[in-house]
Structure formats: structure tokens, C-alpha cells
1. Lys and Arg at +1, Asp and Glu at -1: add these up for the other residues within a Cβ distance under 12 Å of I132 and post the number.
2. Name the GluC sites (Glu not before Pro) in segment 155-237 that are in a loop by DSSP and that have at most 15 other C-beta atoms within 10 Å, would you?
3. Under a Cβ-only charge scheme (Lys and Arg +1, Asp and Glu -1), can you give me the dipole magnitude of segment 128-247 about the Cα centre, in debye to the nearest 20?
4. Too long at a 18 Å Cα-Cα cut-off: which of K317/K367; K72/K175; K242/K305; K20/K74; K6/K72?
5. How long is the gain from Y52 to K72 if the chain were fully straight, where each residue apart is worth 0.36 nm and the alpha carbon distance is subtracted?
6. Largest first, please: the extent of the C-alpha atoms of the chain along each principal axis, to the nearest Å.
7. Within the chain, which whole H helices from DSSP have a Cα span along their axis of at least 20 Å and a mean Kyte-Doolittle hydropathy of -0.5 or more, if any?
8. Can you put D276, D331 in order, fewest other beta carbons within 10 Å first?
Amino acid sequence: MSDFQKMIDSVKTTADYETKCRLLNLFINYMKRSGKRVPASEAEQFKNLAVYELKNLLPAIKKLLEENAPYKQKNELFGYKEILLGLFEVASGGLGNAKAEETELIRSIEDIVEKETVVEVAVIKLFDHSVIVKSDVEAMLSVMENITDIYRIGIMYSGLFYYRDKISKFEPDAKSTLAEYVVRQTNAMLESPLDEDGLLALEYIADVCAYFPTEAVVELLQRILKTSYNRPRYYAVDTLLKLKATVNKAVIDELARDVSIASLTYALLEKNGRLDLYPNEYSNEEYLAKSDLTQWLLYPTELGKLPDKIEHIGKGKVKKSVYHIFRYTSDSATLSNDLKTEWLIGWSCLNGGTFSNFDKLSEYEKKTPEKTIRNILKRLIK
């Protein structure tokens, strides 16, 4: 069996939609890069795979609706639908080339999704206007009135951030109406502890506030700084600096002590000419490199969490750039079992080039630390 067919079989057999999405994106990128060079037989296989998955997706969506499942769970399937349609379109030359039964299948799924994605649709409709007036904003907010799911509220804010370049279309009263909602809704949200979805929503809110610079919005950003949520605090600092507002140095001290966000904070202050706010004790190159690698490892495609341990083992130069090399351990679900108890290698270069291929340190160790560093530089980084 070819590797190509194995990947298709993997899509069909795995129940994990994140894995399905990742594999299908590989197929889509392959098709787009190859263009007309893709053999007709391969294109047909891709199309058949999309149809097969769509046929299975429809009852899966209906089942979640019957169970009144959380929207986040349903939205994972809605996202998969978009990828499947993208694959079908690329493989068949366009949705217009679908057979009658394929068109009916696609329409059935699209109708269900459109009824469920009312928040997304409301945001899209808002920015469809050439000029956005107060009544347009009120129409979107009327949809939000009955939405209490913080995940769906976060979708609205992520939508506002996505269309941020079009916020210039807002009339002044439309902008003030939305600003009032943001302040009122966020203050209410901050009355209770926030889960992961709430924290992500708060990050978007802190970003979006830059486009609605009222006095009340600045006060809201200052309130966010008083929370213990460091990532939203970082984005609040970013917006306050953009608005030329005051940022408490004590907040920067706390962000600098958080290794997962220190390097981002340092870079932000450097960009804004405010390194006077950053504490000297956390500004050394080794610590910032450690922070940079930690931040990289946090990505869902990498560890998706903080490493359990992380230690600096040395540094070296490659083409005049200094690379700080670290060893770390993790029990992340993204790692295979044979890696979970091992010291792994990662590195960071403040000029760019932070990375880890999850290589075992034991496979690169030499008799001395210096020889180990030279071996890593030669075999992995160069």
C-alpha cells in the first residue's frame, strides 16, 4: 500500500477531527501546488474522500444537535466541513461540478451550519455594509443578547479582530455603541473566574479595544491589568501603549517573571521605546531565549503546554548568530510515549530560529558539555 493511500485511510479511520483537518490540509496544499500536474486518478480519489467524509459528517452533526452538545464541540465539526468543501472544490474544479446527489448533500450540511452559526453570520453581515451605522451594530448585538456561552462570545470578538482593518467604516455613534457593549459585557465577564475559552476571549477583547479608544475602554484595560491573567494582561499592555495610556511598572515586573510571556513583553516594550519599564534582572539573553523557546513550545502544534522542566545547557554560534540550547521534559499528549520521560533538545536564537524537533538529548551527548553543544550545533542547527 502506498503512503498516499495510507494517508487517505488514516483520514477515514481516525475519530480525531484535529488529525483529519491536518491531513486534509496536506492534501489541499499538495493539490494547489501541483495544479494541472495532479493525475486525474488522484484528483478523483481526493474528491471521493471528501464526499465519503461529508456523508459521515452529516449524521455526526445531527447527533450533536440532538444531544444539545456544547457549541465548541459542534464548531469543531463545522470547521471540518469547511476543509472538506475546500478539498472537494480543489479536486473537482469547483462546487459547480458536483453531481446532483453531491450538491444535495452539501446543501443539507450548509443549511444546518448556517442556522447554528448565528454569531459568525451576524459579524459577517455587519462588515458587509459599506458604511456601518448604529442600527447595524444594534442588529449584531441583538443576536448576542441571548448568547451566554463564553466560547461563542469569544467568536464575536475574534470576528471583530479579524475585520479590524474595516473598523474605519464605523460611523462615530456606531463605534460608541459597540464600545459601550464591550465595556459592559467584559466587566460582567470579569466578575467570575475565567476558563480557557474566557481567557482567549479576553485576549481578543484587549486587542479589539485599540479600535474603540474611549475613556471607559481605557478603564476596562486597566481593570484587565489588575487580574492575574498574564496573557490577556500582555495584550492589554499592547493596546494601552498604542493609546499612549499609562502602564503600571509593577504589571510589567509580573509579566517579566512569567517565563512563558517575558520575551514577548520585552519585544513589545522595545518596539514602543519603553524598555525603561522592563526589569533589568529579567533582561539577560539566556532568560529571554528560555522564554522564547517556552513560548514556542506552548503552541498547540508543539507541546501545547509548558514544559515540565527546562534547563539551559550551553550556547554557540552559527553564521554569527548566537543559539542558546536547552534541554526539557514534558508529558504532553503530542509526544510519543518513548519521548515522555526523556530530556529533549530545543534552542532559541533571538534573531529568529527558535525550534525543537523533539530530539532526545541522549542521542547527541558527548563526553563533555562543550562537545555536546558542538555536536548539536553541527548535526541539528547548522
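Bear in mind these aren't lab numbers, they're just calculated from the coordinates by the rules spelled out. Since the structure is predicted, the reported quantities are computational estimates derived from the model, not experimental observations. Counting neighbours? That spans all protein chains shown, and the Cβs are built from the backbone with ideal geometry, glycine included.
1. Surrounding charge for I132 is 0.
2. In loop regions of segment 155-237 (DSSP not H, G, I, E or B), the sparsely surrounded GluC sites (Glu not before Pro) are E191.
3. For this selection, approximately 440 debye.
4. K317/K367; K72/K175; K242/K305; K6/K72
5. Details: separation 20, 0.36 × 20 = 7.20 nm, distance 2.38 nm.
Length gained between Y52 and K72: 4.8 nm.
6. Extents along the principal axes, in whole Å: 68, 64, 39.
7. Those that pass (Cα extent of 20 Å or more, hydropathy at least -0.5) are 17-34, 40-66, 71-92, 172-189.
8. Details: D276 8, D331 13.
Least crowded to most crowded, the residues run D276, D331.
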